[in-house]
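Everything on this sheet refers to the single structure shown next.
A short reminder: the numbers here are calculations on the coordinates, not readings from a lab. Just so it is clear, the structure is predicted and the values come from calculations on it, not from any experiment. Positions of Cβ are generated from backbone atoms using ideal geometry, with glycine treated the same way; all protein chains shown enter the neighbour counts.
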Amino acid sequence: MHLTSCKDNSVSTGLVNFEIFEPKIYFIMTEKERINEKIKLYEKKYGQTFDEFEIRSKQSGNENFEEWDDLIEWEAYTRFLNKKDIVNK
């Protein structure tokens, strides 16, 4: 790959200007860290992984609105991380 300097001091491969993508990559990385922290809080709160909690919640015959809300939010965080796997740890 051949890198060239641009007039604005950014770096280009001729196809991709890295300065354009850097803020997006930074956003995804910081968002991933923030969401990982949220997931850790749920894991600590319930002493389970998301998959274990989801199974328990669906098998339970009790209606617990706090747990249901947590399940929905936790699932959204988990799905976000699975879709944003383009930026590795």
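About the centre of its Cα atoms, the stretch 23-83 shows a dipole size close to 380 debye [charges on the beta carbon of Lys, Arg (+1) and Asp, Glu (-1) only; nearest 20 debye]. GLU66 sits among other residues whose Cβ lies under 12 Å from its own Cβ, and their net charge, with Lys and Arg +1 and Asp and Glu -1, is -4.
In sequence order, what are the phi-derived ³J(HN,Hα) couplings for the stretch 40-50 according to the Karplus relation 6.51 cos²θ - 1.76 cosθ + 1.60 with θ = phi - 60°, rounded to whole Hz, with x for glycine and proline? Calculated HN-Hα couplings, in order: 4, 5, 5, 4, 5, 4, 9, x, 8, 7, 4 Hz.
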